[in-house]
Structures are given as structure tokens and as C-alpha cells.
Amino acid sequence: MENRSHTILVFSVIAVLIVALVAYIVWASPSSGHRKRHYDIFFGRSVAGLQEKSSVSLAGVPVGRVRKIQFDPHNPGLVRVRITIIDPKAPILQGTVAELKHDLFGTATLILDPGAAGSPPILPARGLDVAVIPAKKVSSLIGDPVSIVETLSRTTDRLNQMLSPAGQKTITQEIASLERKSAELADRAPALADKLANTHAAIRSGATMAEEMGKRADAMDRKIQSIGHRKTGELRASLQSAQAGLERLDAGVNAARPAVKALTGPALEQQVRGLRESAAGFGSAAQKIEAGGVGSAMSPPKLPDYQPGH
């Protein structure tokens with residue numbers, strides 16, 4: 001009798017466990033129940049630590065699970081996370097935003113911040129089957145705890161390396177080099193001050209010279225303008241005088257034109273012939289003087305001797 005009661009008890013416990021397991025499977029199954037709602041969340045940053053079937057909570061209350069994680073086929077720079085809200089009473093209203101929370105071990109949890117009370121529910125947009133819950137914008141200065149811990153770990157490692165004997169030696173050498181450079185700079189400070197003073201004086205001198213050159217340039221410009229006006233008057237007078245001379249020359253040419261015409265024609269030929277005859281006479285006289293002297297040229301010509309019988 002006692003064995004039979006133990007057997008019944010064992011079978012009862014097993015049956016309860018089986019029923020609980022089936023109930024859990026039905027509850028956790030994404031395809032079970034017609035009252036479950038599906039939403040998409042698009043993240044533009046890493047979703048490291050988030051896994052499928054991770055818990056989704058609304059204001060700290062578990063309301064669903066992550067169903068699928070994949071890249072957005074229309075924009076590979078975004079990660080699409082599809083969640084399933086199992087609790088039919090969970091208010092997913094407009095204004096609700098999603099945020100990833102990481103613990104120190106790197107595990108991520110999807111947190112939904114509810115919208116204002118009285119807002120309409122989030123519905124699928126036209127042409128879409130699933131509604132979209134916007135992701136909360138996170139400042140780049142506030143990273144997830146895992147990244148902060150990794151950064152702190154790397155910084156600590158570097159500090160440990162710097163504080164090691166070799167690192168301390170390097171720091172000591174750098175400090176000594178900086179002290180030497182500071183001392184050299186301090187020694188060169190008076191010379192640098194003198195150079196700066198000379199440079200300042202040279203700049204002032206250059207400015208003074210530039211001002212004087214400007215004044216001289218203005219004076220020269222005024223002088224050139226006055227000379228230009230005077231020279232322009234003189235040039236105008238010279239041009240008028242030259243024009244008058246040209247007019248006089250033109251009048252002289254017109255007056256000499258009849259005399260030039262008189263030198264052409266028969267009169268000119270007669271004068272040329274007379275000149276040629278005069279030149280011939282002078283030529284014969286010159287031959288006589290050369291042959292007999294000046295007296296032969298002045299005496300009459302010699303008559304031929306008379307011979308009888310002729």
C-alpha cells in the first residue's frame with residue numbers, strides 16, 4: 001500500500017513538471033497565441049551582448065523576448081531587432097523608445113521606456129506588417145559599461161607599463177631632457193629679448209621709412225603733375241609753331257612752282273646748248289694755254305708762210 005502511494009506521488013510530480021514544461025514552451029514560443037504583438041527596433045550602433053530570446057522589459061516589467069537579430073536589408077548600417085510582446089496588457093504607446101542596457105559582464109537587456117499615458121498605440125506604417133519602436137538616442141560621451149571597463153582596463157595597463165622600472169627610467173630621462181631644454185631656453189632668454197627689441201626697432205624704422213617714402217611719393221606726384229601741365233603748354237606751342245612753318249613752306253613751294261615750270265621745255269634746252277658751247281670754248285682755250293702758255297692764248301693765230309710758185 002505504501003509503495004503504491006509513493007508511485008502515485010512520483011507520477012503526480014512528474015505530471016506537474018511536464019505540464020509546467022509544456023506551459024513554458026507554449027509561453028516562450030514566438031508563434032504561439034494570436035494576441036502576441038511584434039515590433040521592429042533599428043539600432044545604428046553595436047548590439048553586442050544582445051541575443052535571441054533575451055528578455056524585453058517595459059518600465060522594469062518583463063513583457064516579451066527578442067525574436068530575431070539581423071541587418072536591415074535596405075540599410076546595412078542598421079541592425080534590426082524584432083521583439084515579441086507576450087503580455088497582451090503591455091501598453092506600447094506612441095512615445096515609447098527602446099534602449100540597450102549592459103551589465104558589467106557584457107550581457108545586454110532590451111529596455112522599453114513607456115510613452116505618455118493616453119497616447120495612441122504604435123501601429124504599423126502603411127505598407128509594413130510590423131510596427132517600429134524608435135531606438136533611444138544615446139550620447140557618444142556615455143558609452144556602454146563594457147566599453148568603459150575595457151577603456152579603463154587599457155588605461156590601467158598603460159599606467160602599469162609607465163610605472164614599471166623601464167617606464168620610470170624613460171620618464172626620468174624625459175624629465176631630465178625637459179629640464180636641460182628649459183635651462184637652455186632660460187640662458188637664451190636675454191639674447192632673445194635683445195633680438196625682439198632689435199626687431200621691434202627695425203619694424204618701427206621701417207614704418208618711419210615707409211611713411212617718408214609715401215610723403216616723397218606724394219610730393220613727386222604733385223611735381224610731375226605741375227611739370228606735366230607746363231610741358232603740355234610748351235608742346236602745344238611747339239606744335240602750333242611747327243604748323244605755321246609748314247604753312248609757310250607750303251606757300252613757298254606754291255610760289256616757286258611757276259619758276260620750276262619755266263625751266264622745262266625749249267628754253268631749258270637752249271640754255272643747256274649755250275652752256276655746252278661755252279664749255280667747249282673754255283676747253284679749247286685751256287688746251288692752247290697748256291700748249292703755248294698764256295701768251296699764245298692772248299696773241300692772234302699764226303698765219304701760214306708764203307711760198308712762191310704756190
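Structure notes:
- Extreme residue, farthest from Arg82 (Cα to Cα), among residues of the range 51-60 that are of a type in the set (S, T, N, Q) and more than 50 Å from the chain's Cα centre (by Cα): Ser57
- Residue that is surrounded by the most Cβ atoms within 10 Å (Cβ to Cβ) [pool: residues in the range 61-94 that are within 44 Å of the chain's Cα centre (by Cα) and of a type outside the set (A, V, I, L, M, F, W, C)]: Arg80
- Residues satisfying the criterion are present in the range 94-110 (criterion: at positive phi, touching a Ser or Thr at 6+ places or on another chain (Cβ under 9 Å) and not in a strand (DSSP E or B)).
- Some residue of the range 32-50 being among the aliphatic types (A, V, I, L, M), part of a loop (DSSP other than H, G, I, E, B), modelled with pLDDT under 90 and over 30 Å from Leu152 (Cβ atoms): no
- Exclusive hit being in a helix (DSSP H, G or I), of a type outside the set (A, V, I, L, M) and modelled with pLDDT under 75, set Lys261, Lys195, Lys223, Lys215: Lys261
- Taken over the range 95-131, residues that are in contact (Cβ under 8 Å) with a residue 24 or more places away in the chain, in contact with a Gly (Cβ under 6 Å, 6 or more places away or on another chain) and among the aliphatic types (A, V, I, L, M) amount to 1.
- So Leu235, is it part of a helix (DSSP H, G or I), modelled with pLDDT under 75, of a type in the set (A, V, I, L, M) and out of contact with any strand residue (DSSP E or B) (no Cβ under 7 Å at 6 or more places or on another chain): yes
- Residue pairs whose Cβ atoms lie under 7 Å apart, separated by 6 or more positions or on different chains, with the first residue in the range 71-85 and among the hydroxyl-bearing types (Ser, Thr, Tyr) and the second part of a strand (DSSP E or B), are Thr84/His38; Thr84/Gly64; Thr84/Arg65; Thr84/Arg67.
The values are calculated or read from the model by the stated rules, or taken from the named source; none is laboratory data. This structure is a prediction, so every number in the text was calculated from the model and none was measured. So basically every Cβ, Gly included, is an ideal-geometry build from the backbone, and we count neighbours across all protein chains shown.
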